[in-house]
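Everything on this sheet refers to the single structure shown next.
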Amino acid sequence: MSEPGGNGPASAEDDWAAALKEQATTGAGATIEPSSAVEAIAQPANIFPRLTPGAPSEGAQDLDLILDIPVHLTVELGRTRIPIKHILQLAQGSVIELDALAGEPMDVLVNGCLIAQGEVVVVNEKFGIRLTDIVTPSERVRRLHK
């Protein structure tokens, strides 16, 4: 056993007992009934607005906030993997073989995520891409989980 005023376990228990006895005699401290504590925390579930199909919501207005955010759009013709020694041998007119076939649709990526596929077109002597297939949101989610 520890001596009174010591640092042992019995001293800590005595301190707690003394503090609890003092609190009971002075009436200091508030006690919360268990049922009132639950009622104070719990809130009704109707705090969220009810969503109805086809009705404009406040969320549609929030879309305006992100319309000006720039994203990185990439049109990918194909890919290949070659060693550095072959890259160092490249010169003007060199041909690099890609994994895509001629006439195969190109991938359109936004921030690295596939959103569409399309074919190359020339408009006013500039290259462009005509979208031929848009990836659905559910398909994008499915590809993320792969």
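A few comments on the model shown:
- Given (1) open to solvent by 100 Å² or more (accessible area, probe 1.4 Å); (2) farther than 30 Å from VAL121 by Cα; (3) at pLDDT 65 or above, index of the condition ASP62 fails: (1)
- Inspection of region 96-111 finds a residue satisfying the criterion of being among the β-branched types (Val, Ile, Thr) and not in a strand (DSSP E or B).
- Test set (1) surrounded by fewer than 10 Cβ atoms within 10 Å (Cβ to Cβ); (2) among the charged types (D, E, K, R); (3) not in a loop (DSSP other than H, G, I, E, B) - ARG143 fails condition number: (1)
- Hits in region 98-114 (condition: loosely packed, with under 10 Cβ neighbours inside 10 Å and either among the polar types (S, T, N, Q) or at pLDDT 90 or above (or both)): ASN111
- The set of residues in region 131-140 being open to solvent by 50 Å² or more (accessible area, probe 1.4 Å) and either closer than 18 Å to HIS72 by Cα or out of contact with any strand residue (DSSP E or B) (no Cβ under 6 Å at 6 or more places or on another chain) (or both) consists of LEU131, ILE134, THR136, PRO137, SER138, ARG140.
- VAL122 vs. criteria free of Cβ contacts under 8 Å to residues at least 60 places away in the same chain, surrounded by 10 or more Cβ atoms within 10 Å (Cβ to Cβ) and of a type in the set (A, V, I, L, M): no
- Of the criteria (1) assigned to a loop (DSSP other than H, G, I, E, B); (2) at pLDDT below 90, which one VAL120 fails: (1)
- Where SER35 falls short, out of the listed (1) loosely packed, with under 10 Cβ neighbours inside 10 Å; (2) out of contact with any helix residue (DSSP H, G or I) (no Cβ under 9 Å at 6 or more places or on another chain); (3) at pLDDT below 90; (4) under 30 Å from ARG142 (Cα atoms): (4)
The values are calculated or read from the model by the stated rules, or taken from the named source; none is laboratory data. No experiment lies behind these values; they were computed from the predicted model shown. Here Cβ is always computed from backbone atoms with ideal geometry, including for glycine, and neighbour counts include all displayed protein chains. What goes into the accessible areas is simple: the full protein's heavy atoms, side chains included, and nothing from ligands, DNA or RNA. Shrake-Rupley method; radii C 1.70, N 1.55, O 1.52, S 1.80 Å.
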